[in-house]
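These notes concern the structure reproduced below.
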Amino acid sequence: MKAIRFSKTGGPEVLDYVDVDLPPPARGQARVKHTVVGVNFIDTYHRTGLYKLPLPSGLGSEAAGVVEALGEGVTSLKVGERVAYAGAMGAYADSNNVPAERLVKIPDGVSDETAAAAMLKGMTAQYLLKRTYPVKAGQTILFHAAAGGVGLIAGQWAKHLGATVIGTVGSDEKVALAKQNGYAHVLNVRNDDWVKRVRELTGGDGVPVVYDSVGKDTFAGSLDCLAVRGMLVSFGNASGAVPPFEPGILSAKGSLYLTRPTLVSYTRTAKELAETAADLFAVIASGAVKIAVHQRFKLSEARKAHEALHSRGTTGATVLIP
């Protein structure tokens, strides 16, 4: 089969499109023939070495497709069933052997493309909004990177939950897109004094929660947007890792909370995974959340997909087609 592999960390140029022999699925695994592969910013962390993988390595952790073969002991799936996953490395490929307990059946009415584009980003939005800090109707919250893959889903979902959502974006072109996806107020971090504007929009009180996947560039400002006893949910490093800081700053700014969650921790068991995915697919089926795939590349064009991610020019979801 064809797959993307890399033997050293670096820029998009380290990604190679090569022939790979995929062994039969081991006990407890299922082989999934991919129809659509999801692309996520975390893939760039693996490629650059920010999140270390043993090399040489495959890349990507999200895809949808059809069960092609079953390993010994797998009784929960059948050959031919449509499935999706997020969290099994090696998704940038024609096929992948995945632990059966990490596969989710795709319900009727949800396309393979929607599932591949929604699993990681959508389940991330689910745990952020409903478990890390459960958003309540009537609250005003702040979500950075509002026009990104997670941001577009989270804006719609938070509005569905009854929240007023303030979003930030990096260009004027992305303002309208964010407003079309649930955001009541959208601030351009390059032009606006966004910390001041958040305070103004909340009558000086600040917000109870900030969801921040940008990292270094927004960390300090995010703390300044929080209300007393507010929570900063730092779940990504698009601009670079947050530098070391003195924990006393949290008390000085109002007894603030800081958490650094991951999807892996919130879908640790098969039961948690199934419940998270079911909630996601239900809100998609209801029409309250729509999944926008704005960039499509061939699997062989993975380098171009990563170049697009780094350009900050992408919006919504990006997928690869094997």
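The values are calculated or read from the model by the stated rules, or taken from the named source; none is laboratory data. As the structure is a computational prediction, the values presented were derived from the model and not from experiment. Neighbour counts are summed over all protein chains in view; Cβ atoms, including those assigned to glycine, are modelled from backbone coordinates with ideal geometry.
Hey, which of the helices (runs of 4 or more DSSP H) in segment 222-322, taking only ones fully inside, have at least 1 residues that are surrounded by 15 or more Cβ atoms within 10 Å (Cβ to Cβ), aliphatic (A, V, I, L, M) and over 15 Å from the mean Cα position of the chain (by Cα)? If you could, list the steps in order and put the result at the bottom.
Details: elements: 248-252, 263-266, 270-285, 302-310.
Where helices (runs of 4 or more DSSP H) fall fully within segment 222-322 and carry at least 1 residues being surrounded by 15 or more Cβ atoms within 10 Å (Cβ to Cβ), aliphatic (A, V, I, L, M) and over 15 Å from the mean Cα position of the chain (by Cα), they are 248-252, 270-285, 302-310.
How many of the residues making up segment 192-205 are under 13 Å from Ser222 (Cβ atoms) and without any contact (Cβ under 8 Å) to a residue 40 or more places away in the chain? Reasoning before the result, please.
Step one: list which residues in segment 192-205 are under 13 Å from Ser222 (Cβ atoms), which gives 194-195, 198-199.
Right, trim to without any contact (Cβ under 8 Å) to a residue 40 or more places away in the chain and you get 194-195, 199.
Going through segment 192-205 one residue at a time, the tally reaches 3.
Taking only pairs six or more apart or across chains, which ones have beta-carbon atoms under 9 Å, a first residue in segment 162-179 that is surrounded by fewer than 17 Cβ atoms within 10 Å (Cβ to Cβ), and a second residue that is among the charged types (D, E, K, R)?
Gly162/Lys136; Ser171/Arg190; Ser171/Arg312; Asp172/Arg190
If you go through segment 120-142 one residue at a time, do you hit one that is among the polar types (S, T, N, Q), out of contact with any strand residue (DSSP E or B) (no Cβ under 7 Å at 6 or more places or on another chain), buried (at least 22 other Cβ atoms within 10 Å of the Cβ) and not assigned by TED's automatic domain parsing to the domain that holds Lys159?
yes
Being without any contact (Cβ under 8 Å) to a residue 40 or more places away in the chain and either hydrophobic (A, V, I, L, M, F, W, C) or surrounded by fewer than 17 Cβ atoms within 10 Å (Cβ to Cβ) (or both) is the filter; apply it to segment 69-83 and report the residue that is nearest to Leu120 (Cα to Cα).
Checked segment 69-83; the qualifying residue nearest to Leu120 (Cα to Cα) is Glu81.
Taking strands (runs of 3 or more DSSP E) that fall entirely within segment 1-100, which contain at least 3 residues that are small (Gly, Ala, Ser)?
Per the criteria, 62-70.
Do any residues in segment 257-274 that are free of Cβ contacts under 8 Å to residues at least 40 places away in the same chain have Cβ atoms under 8 Å from those of residues that are assigned to a loop (DSSP other than H, G, I, E, B) and among the hydrophobic types (A, V, I, L, M, F, W, C), where the two are at least six apart or on different chains, and which pairs are they?
Arg260/Phe235; Thr262/Phe235
Within segment 96-105, can one find any residue that is farther than 30 Å from Leu152 by Cα and in the same structural domain as Val289 (by TED's automatic domain parsing)?
The answer is yes, given that some residue of segment 96-105 is farther than 30 Å from Leu152 by Cα and in the same structural domain as Val289 (by TED's automatic domain parsing).
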